[in-house]
Structures are given as structure tokens and as C-alpha cells.
1. Among Glu118, Glu67, which comes first, then next, by fewest other beta-carbon atoms within 10 Å?
2. I want to verify a result. In a Gaussian network model of the chain, Cα cutoff 10 Å, which of these has the top mean-square fluctuation: Ala254, Ala216, Ala233?
3. Among Ser186, Ser40, Ser95, Ser66, which comes first, then next, by fewest other beta-carbon atoms within 10 Å?
4. Using a basic spin-label model with each label point 7 Å from the Cα along Cα→Cβ, how many nm lie between Ala195 and Asp71?
5. For the stretch 147-282, take every pair of Cα atoms, bin their distances at 10 Å starting from 0, and report each bin as a whole percent.
6. Suppose a student asked you for the relative contact order of the chain, using Cα pairs under 8 Å spaced at least 6 residues apart; what percent would you report?
7. I'd like the distance between the alpha-carbon centres of the stretch 139-180 and the stretch 14-72, rounded to an integer number of Å.
8. Suppose every Lys and Arg Cβ carries +1 and every Asp and Glu Cβ carries -1, with no other charges. What dipole size does the stretch 1-96 come out with about its Cα centre, to the nearest 20 debye?
Amino acid sequence: MPEVHATIDSFRAALDRERTAGWRIGFVPTMGYLHEGHGSLLRAAAGDCDVAAASIFVNPLQFAASEDLSDYPRDLDRDLALADDCGAAHVLVPSVEEMYPTPMLTTVTVADITARYEGASRPTHFAGVATVVAKLFSIVGPCAAYFGEKDYQQLAVVRRMAADLSMPVDVVGCPIVREADGLAMSSRNVYLTEAQRSAAPILHRSLRAAAAAAAAGERSVAAVEAVVADAIAAEPEADLDYAALVDAATLEPATAVGGGQRFLVAARFGATRLLDNIAVGS
Ligand code: PAF
């Protein structure tokens, strides 16, 4: 089993000892309720680095008042067993009081790339993510940090924050892990009813169709976006939030279909918002 740390001091001291011994740290921040997507990040961290470390913390700063903070699924024993299977040596499991003993007067905001897509639907979300990730990076110290491409905008925000603030962290993006029917793994999939769960793979199917249209030579952004929007509009369980072809690095909206792009989609299935994305023209 990994060494479980309830306090920042204990986790930081353990990782400092590992670095002093000459080991490189691979860090995976999570909000728990781990699934195979997190497993792939932990295995990448353990495979690329000498010591894999994780955090499990449901971060209140990134939830709006109307969101699912109190209902967010939790299962610490199962999480620790999975972290162990994937080779984690240290896991930080702090309380909210440990992370935020006093109201935060210091927060991190990343401009521009947070304005659209998830940022438009959840205006306070990325400041909450950037603040907790900056705090975790400061606790962990020099490391490689692993994030899933499922939350593609989050990955772009964290990369930009780490670069802008010269953090001693290599941010590594890892491929989306999917269920057999194509649904991207997410802790929130447990909220889906049976009918919503059967409908949810439309996200991946429609993204693949859009990527195929682009590969076949379609050059109109509106036409490629309509492939996804129309497929989701035809699914009664789904309610489209956005379907956008963007530059893979800057997340600026595409003006023509070309190389180095990403198609981002978000849709509601009942009260549950699901995200997905696919590379286009890479
Ligand atoms: O992706 C998540 O689970 C969270 O946003 C993160 C990066 C752990 C920050 O709370």
C-alpha cells in the first residue's frame, strides 16, 4: 500500500527525501473516485519516473454553489487499492481545513484560454483548478505531473500556468481512456441513468465522424461542427452545450479545418455534464 499522508508537511517531507535520494517524482493530482483513466496516469507516472505520488482532494474552490460538491462520489479504500495496484508510493489525502485553513486571499487565474467552452459554462471553475494545482505543485516541488486529455481545456490551462509562472514541473498529457463502447471514463459517469448511459457514447461517435469528415477533405469549420451538433441534437437524452473545433495549443476557434486542431464537445445528460474531445488533423 502507498504511504498515506494527511498533512502537507508529511507529504512534502517524504517527497523531499525521495528527491534527496536521487529519485524523480511523477505526480498525479486527483479528486478521488479513481477509475482506469486515473490508473493510466498513475502507471505513466510510475513508468516514466522513479517514484509515483498522487493526491486525492475534492477541491471546493472549483465547484460553483449549484454544482455537485457534497454529492461528489468518494471511496477512499478503493482509491488507495487502485493507487497501490498502479504503483503509487505516496498519496496525499488532506482535509479541506488542511488545504484551506483560512479563506484564500491568493488565487491563480489564467486569462484568455479559460474564457470559452468550460469557462463560459462554469465561470469560476478554472480559477479553482489553477489555484489548487498551483498549491499542489508548490507542495510537491520539482516533478513531472500527469493530466488526462479528457479534460483538454484543463490540461491547456495547467500547461500555460506552469509555463507562465516558471514552475519546476513538466506537465504531461495522457490519452483519454474509454469504455468498450467509446464513452470517455469519468468519475461522473456513475450519475447517469441507464438510458443516459446508453446514449452517452454519441459524444465519441460524433467526434469520430467529425474527424473522419475533416480527414476526407471537408474544410468548412461550420460543416465539421455540424456533424457533432446534429448527431447530438438527434439524441433525446443529450443536450448540447458546445461543439467547437479549436487550435490544439491556444484553444482559439478554428477559422478553417487544418492541422493541429482539437474538436471539443460538452453535453448534458440530465443533470450530468460530460466532456469529450478528439484530435483533428494531427
Ligand atoms: O481533474 C481533476 O480531477 C481536478 O480538476 C484536479 C486537476 C485534480 C484539480 O482538483
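Taken together, the values in this text are just the output of simple stated rules run on the coordinates, not laboratory data. What you are looking at is a predicted structure, and each value in this text was computed from that prediction instead of being measured. Virtual Cβ from ideal backbone geometry, glycine too; neighbours counted across all protein chains shown.
1. Values: Glu118 22, Glu67 16.
Neighbour counts put them in this order, fewest first: Glu67, Glu118.
2. It is Ala216.
3. Numbers: Ser186 24, Ser40 19, Ser95 11, Ser66 7.
Listing Ser186, Ser40, Ser95, Ser66 from fewest to most nearby Cβ atoms yields Ser66, Ser95, Ser40, Ser186.
4. Result for the modelled spin labels: 1.7 nm.
5. For the stretch 147-282, the pair-distance distribution reads 12, 41, 33, 12, 1.
6. Values: 518 pairs, mean separation 46.0, N = 282.
Contact order relative to length: 16 percent.
7. That distance is 11 Å.
8. Details: 7 positive and 15 negative charges, 66 e Å.
Taking the Cα centre of the stretch 1-96 as origin, the dipole is about 320 debye.
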